[in-house]
Amino acid sequence: MKNNLYIKEVVTSVILMVFAALLANPMHMWMPDSIGTMAAFGMFVIFCALASFIWHERVRDEREAAHRMYASRAAYLAGGGVRVLGILTQGLHHNVDLWLVYALGSMILAKLFTIYSLGQTE
């Protein structure tokens with residue numbers, strides 16, 4: 001059962017990355033706007049499916065809990081690092097996209113809220 005769920009999660013992640021690559025459509029070279037809109041909606045649906053896999057994930061022992069913790073830390077640092085790099089790069093061009101700032105802020109606030117709501121402040 002666990003391997004089947006893992007395969008579904010990997011396939012869903014790959015599909016999500018394909019949608020993201022399709023949406024990085026420079027100068028509207030390969031997708032008209034209507035197909036881009038459908039691809040954006042498809043990406044949202046696939047992300048919701050992936051989020052449901054992650055949300056319903058259950059650990060059975062301490063080893064799996066540690067792996068989940070390390071994976072979460074790596075994902076948080078990778079996401080935050082990419083956003084900080086984007087903010088710094090755009091800052092050098094004096095044109096910072098506010099979505100990067102909002103995304104980084106939401107990551108930080110979610111982490112702080114989760115830590116303090118679970119009582120892990122010591």
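The values are calculated or read from the model by the stated rules, or taken from the named source; none is laboratory data. Note that the coordinates shown come from a computational prediction; the quantities given were computed from them, not determined experimentally. We place every Cβ from the backbone using ideal geometry, glycine too, and count neighbours over all the protein chains shown. Keep in mind that these areas ignore ligands, DNA and RNA; they rest on the heavy atoms of the full protein, side chains included. Shrake-Rupley method; radii C 1.70, N 1.55, O 1.52, S 1.80 Å.
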Search result, residues across the range 46-62 that are within 20 Å of residue 10 (Cβ to Cβ), at pLDDT 80 or above and open to solvent by 70 Å² or more (accessible area, probe 1.4 Å):
47, 60
What are the residues in the range 80-90 that are open to solvent by less than 60 Å² (accessible area, probe 1.4 Å) and among the hydrophobic types (A, V, I, L, M, F, W, C), if any?
87
Can you tell me which condition residue 77 does not meet? The list is (1) open to solvent by 100 Å² or more (accessible area, probe 1.4 Å); (2) part of a loop (DSSP other than H, G, I, E, B), and all the others hold.
(2)
If you check every pair at least six apart or on different chains, which have Cβ atoms under 6 Å apart with a residue in the range 7-29 that is open to solvent by less than 50 Å² (accessible area, probe 1.4 Å) first and a residue that is modelled with pLDDT under 75 second?
25/31
